[in-house]
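> Below is one structure. I have some questions about it.
The values are calculated or read from the model by the stated rules, or taken from the named source; none is laboratory data. Predicted model only: the values in this text are computed from it and were never measured. As a convention, Cβ positions derive from the backbone with ideal geometry for all residues, glycine included, and neighbour counts pool all protein chains shown. The protein model used for the area step is the full one, side chains on, heavy atoms only, and it has no ligands, DNA or RNA in it. Shrake-Rupley method; radii C 1.70, N 1.55, O 1.52, S 1.80 Å.
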2 protein chains.
Amino acid sequence: MALTVVGSIAFDSVRTPFGERERMLGGSAVHFALAASFFTEVRVVGPVGDDFGAEHIALLADRGIATEDIEHVPGGDTFFWRGHYDHDMNVAHTDDTRLNVFADFQPKLSASSREAEMLFLGNIQPDLQRGVRRQSAASFAALDSMNLWIETAKDPLLAAIGEVDCLMLNDAELRMLTERPNLVAAAHAAMAFGPGVVVAKRGEYGAALFTDEGAFAIPGLPLEDVRDPTGAGDSFAGGFLGYLDAVRAGGTHDDRTLRQAMAYGSVMASFNVEDFGTERVAGLTDAAIARRLGEFKRLTHFEEAPVVGLARGS
Amino acid sequence: MALTVVGSIAFDSVRTPFGERERMLGGSAVHFALAASFFTEVRVVGPVGDDFGAEHIALLADRGIATEDIEHVPGGDTFFWRGHYDHDMNVAHTDDTRLNVFADFQPKLSASSREAEMLFLGNIQPDLQRGVRRQSAASFAALDSMNLWIETAKDPLLAAIGEVDCLMLNDAELRMLTERPNLVAAAHAAMAFGPGVVVAKRGEYGAALFTDEGAFAIPGLPLEDVRDPTGAGDSFAGGFLGYLDAVRAGGTHDDRTLRQAMAYGSVMASFNVEDFGTERVAGLTDAAIARRLGEFKRLTHFEEAPVVGLARGS
């Protein structure tokens, strides 16, 4: 089993009501890989510049992540994002974006990365996602995207979506993509583009899963300490796909396994937001992950009470 | 067992992307009472005008709801609300509000309504809510409110909250009331005002429960047909408190029962939004309610997968 992720590797400078940090390791591929590394073998594909040091490689390698496909572009700078969150931590405000080495990124997968049974196409330009999909032999591929590509590259995005098995978007993006205000209708419209699995990410409200077998929804864990939501969606995807790959590499997944994967995705996202950047996820243990899965079970559990309570009615 | 509700009895004219209706029976007390009537004996307290006919009384009485405390104000008109929803059905836009007989409403509870073991204070002016609470012998009282009273009558509202056992608000209102952007902190701050049970209503995202024993959260049922969300919060409250009263009149409730009540509240809210006004809820059967509870169980169920899936880690 192995899981290849293609996406951004970045330095993030982030300010929230709870503090600020300069040039933390971040990016969709990094957040995804760290979360998935607790479940399966992960291979990261993405470009970095001269400012990406051995200590950054080490942070990934220490988690057992394969870093050979991290492409060093001599003379370049790593992708940089500066943003902030106000009291509504569901909304990121971008203050500065410098694509740097990412501007000319042409993903090239090594033989090992091509052969991985699963593939995650992080949020990059849809034509690049299609190029990666063509290189990959994965039997299960998932794709993330964003409003920018829906607005500026909708046709390539729809083509890319048609070539994957799983679409993961924020619920607002899912509605925008399909032009359906109703989430169920939007999810069904998205499935008609090709993917058999659609995941709607809902920020602090959790996530919903749609397949031919119906819907599953899991609320977010109510957390008192939410310090930095950056990367939560990618950590969700990492837990989700990492668990799927651990249980059964590639192929199709039954409803029971997909629900469990949704729970593990929620677990990893809940850790992600508790501290800045990658700090919380990178330092986790299997035991902490198992404990939090139990917290999600307790959060959502109710017994189907008998109808004897019903006193009246027709 | 019996449950008294004090709140608005109204005619609502509503337009949504799925149609419009003129002068439907509505109001917080009506939506609440219809939902609760499937679980327990309900008594409605509220004022109506000359335009409130025998057919409107019959709609309530047919569900076994006690209507003796519906106060007819001769020469007056019933409370009227006109509003619409655009594609974001979570946001109601008010086009017209006429308080009419509600402007001078001074709730007077009959002996039977005073003696009910449970009380729901629908969203009315907080001093009126306090007056009702003083008349009632209920051992468990719950209160709903809205942003208007937080902005214009915060001190009376805080006093009213201090006199009830359960506070039910939208999550945005809970944050506004407590001036805490974090929902967990907001819920704890609200509990410090007095109520041992705090329910955060989250529209299509469901609802969360906070008590000394921790948190419970239930997502909304993903529905393809959402025609009119008016009254969903009151239908939620009706299912929630109606079930609590059916299981154990008044007093305190254990965590297991509160979770089941949250599920029944969600069931009744999900029916409420599927059609305009009271049409869907008024015509329900016990069997339909039991089936939908099963749908919520299937929506939220996942098995706590063993940690054997975890392949790496520390």
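> With each run of n ≥ 4 DSSP H residues scored as -39500 (n - 2.57), what mean residue ellipticity at 222 nm is computed for chain A after dividing by its residue count and rounding to the nearest 500 deg cm²/dmol?
-11000 deg cm²/dmol
> Ranking request for peptides A:24-30, B:179-185: highest mean number of other beta-carbon atoms within 10 Å first, then the rest in descending order.
Result, highest mean Cβ count within 10 Å first: A:24-30, B:179-185.
> Which whole-Hz couplings ³J(HN,Hα) result when phi for each residue of region B:86-98 is put into the Karplus expression 6.51 cos²θ - 1.76 cosθ + 1.60, θ = phi - 60°, listed in order with x for Gly and Pro?
Running phi through 6.51 cos²θ - 1.76 cosθ + 1.60 with θ = phi - 60° gives 8, 5, 7, 6, 7, 10, 8, 9, 8, 9, 7, 9, 10 Hz.
> Express as a percent, rounded to the nearest 5, the fraction of DSSP beta bridges in the protein assembly as shown (both residues included) that run antiparallel.
Given both bridge residues lie in the protein assembly as shown, the antiparallel proportion sits at roughly 40 percent.
> Run the 1.4 Å probe and let me know the accessible area of B:Asp255, rounded to the nearest 10 Å².
40 Å²
> Can you give me the long-range amide H partners of B:Thr4? Hydrogens built in the peptide plane at 1.01 Å from N, cutoff under 5 Å, separation of 5 or more residues or another chain.
Those qualifying (amide H under 5 Å, at least 5 residues apart or on another chain) are B:Arg43, B:Met118, B:Leu119, B:Phe120.
> Assuming a ≥ b ≥ c are the square roots of the Cα gyration tensor eigenvalues, decide whether region B:101-191 counts as rounded (a/c under 1.5), prolate (otherwise, with a/b larger than b/c) or oblate.
It is oblate, given that a/c is not under 1.5 and a/b is not larger than b/c.
> When you take every Cα atom in region B:94-149, what is the radius of gyration, and what is Dmax, the widest Cα pair distance, in Å?
12.6, 38
> A follow-up question, please. Which order do the peptides A:260-269, B:191-200, B:238-247 take when ranked by the mean count of other beta-carbon atoms within 10 Å per residue, highest first?
Ranked from most to least packed, the peptides come out as B:238-247, A:260-269, B:191-200.
> Okay, moving on. Over all directions, how big on average is the projection of the convex hull of the alpha-carbon atoms in region B:202-245, in square nanometres?
Orientation-averaged projected area of the Cα hull: 3.7 nm².
> Looking at region B:1-86, which GluC sites (Glu not before Pro) are in a loop (DSSP not H, G, I, E or B) and have at most 12 other Cβ atoms within 10 Å?
B:Glu68
> How many angstrom separate the Cα center of region B:8-40 from the Cα center of region B:257-310?
Cα centroid to Cα centroid, the span is 20 Å.
> Students often check this: by mean Cβ neighbours within 10 Å, which of A:118-131, B:157-170 ranks highest, and how do the rest follow?
So the order, starting with the most tightly packed, is A:118-131, B:157-170.
> Moving to a separate point now. Which of the three applies to region A:203-287, rounded, prolate or oblate, going by the alpha-carbon gyration tensor with a ≥ b ≥ c and a/c under 1.5 meaning rounded?
oblate
> Hey, another quick one. Is the C-alpha gyration tensor of region A:147-242 telling us rounded, prolate or oblate? Criteria: a/c under 1.5 is rounded; beyond that, a/b larger than b/c is prolate, otherwise oblate.
Prolate is the answer for region A:147-242, as a/c is 1.5 or above and a/b outweighs b/c.
> Okay, moving on. Just tell me how shielded B:206-218 is by partners: mean number of partner chain Cβ atoms within 10 Å of each residue's Cβ, no decimals.
4
> Could you work out the relative contact order of chain A, using alpha carbon pairs under 8 angstrom and six or more residues apart, expressed as a whole percent?
18 percent
> What helices does chain A have that are whole DSSP H segments, at least 15 Å long along their own axis by Cα, and with mean Kyte-Doolittle hydropathy of 0.5 or more?
Within chain A the helices that satisfy the rule are A:232-247.
> Give the accessible surface of the protein assembly as shown per residue, rounded to a whole number of Å², with probe radius 1.4 Å and ligands, DNA and RNA excluded.
Spelled out: the 1.4 Å probe surface of the protein assembly as shown, per residue, equals 36 Å².
> What is region A:148-239's relative contact order, in percent, from Cα pairs under 8 angstrom and six or more apart in sequence?
Relative CO of region A:148-239 lands at 21 percent.
> Over region B:48-103, what relative contact order in percent results from Cα pairs under 8 Å that are six or more residues apart?
Over region B:48-103, the number comes to 37 percent.
> For chain A, build the convex hull from the C-alpha positions and give me its volume per residue in Å³.
145 Å³
> What are the distances, in nm and sorted shortest first, from the label point of A:Met146 to the label points of the same position in each other copy, with each label point placed 7 Å from Cα along the Cα-to-Cβ direction?
When each copy's label point is compared with this one, the spacings are 3.8 nm.
> Can you give the mean number of other chain Cβ atoms that lie within 10 Å of the Cβ atoms in peptide B:170-183?
So the per-residue partner count for this stretch is 2.
> Further question on the same structure: May I have the pair-distance distribution P(r) for the protein assembly as shown, computed from all Cα-Cα distances with 20 Å bins from 0 and rounded to whole percent?
Over the protein assembly as shown, the share of Cα pairs per 20 Å bin runs 20, 48, 26, 6, 0 percent.
> 7 Å along Cα→Cβ for the label point: how many nanometres lie between B:Gly162 and each equivalent label in the other copies, listed shortest first?
6.6
> Which residue in B is nearest the B/A rotation axis when you measure from the C-beta atom, and what is the distance in Å?
Value returned for chain B: B:Tyr205, 2.
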